[in-house]
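Everything below concerns the one structure shown next.
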Amino acid sequence: MLTGKQKRHLRALGHKLKPLIQIGKKEIEGALIAEANASLDHHELIKVKLLESCMLDKHEASEALAEACQADVAQILGKTFLLYRAAKTPVIVFPKADKKSPSA
């Protein structure tokens with residue numbers, strides 16, 4: 001599960017990405033899941049676009065694909081969403097957590 005700060009960092013990284021996966025009329029099937037898994041293995045963070053012909057809701061589609069790929073949804077914006085799954089050797093480095101000093 002991603003924290004708010006991690007999601008914010010991933011959204012910033014994902015802003016410049018082009019959609020690697022497009023979900024259309026056939027919706028989420030084995031070939032699409034395999035392609036998403038391969039893309040996540042290679043890139044860690046991918047952008048997925050829902051085409052007009054897709055009958056799934058953006059929230060249904062993002063949750064279904066994320067669950068099938070064991071990934072996290074970093075953002076849903078319009079008809080696109082970001083999926084993140086850490087690689088065996090992670091490339092994306094999250095910012096350090098701020099440690100708040102207790103007020104005395």
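Every read-out reported here was derived from the displayed coordinates using simple, explicitly stated rules and does not represent laboratory data. The structure presented is a predicted model; accordingly, all values stated were derived computationally and were not measured. We place every Cβ from the backbone using ideal geometry, glycine too, and count neighbours over all the protein chains shown.
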My understanding is that a pair violates if its Cα-Cα distance is over 20 Å; which of 16/49; 7/49; 47/96; 5/96; 5/88; 18/49 do that in this structure? 47/96; 5/88
Note, residue 11: beta-carbon cut-off 13 Å, +1 each Lys/Arg, -1 each Asp/Glu, net +4
Of all beta bridges DSSP finds with both residues in the chain, what is the antiparallel percent, to the nearest 5? 75 percent
Degrees separating the helix 30-43 axis from the principal Cα axis of the chain, which is the longest one: 30 degrees
Apply the Karplus curve 6.51 cos²θ - 1.76 cosθ + 1.60, θ = phi - 60°, to the phi angles in segment 57-68 and return the couplings in whole Hz, x for Gly and Pro. 6, 4, 6, 4, 5, 5, 5, 5, 5, 5, 5, 5
Tell me, what is the percent relative contact order of the chain, built from C-alpha pairs under 8 Å that lie six or more residues apart? 30 percent
When only alpha-carbon atoms count, how far does the chain stretch along each of its three principal axes, as whole angstroms with the largest first? 59, 28, 24
Which Cα, out of 61, 77, 9, lies furthest along the positive dipole direction of the chain (beta carbon charges, K/R +1, D/E -1)? 9
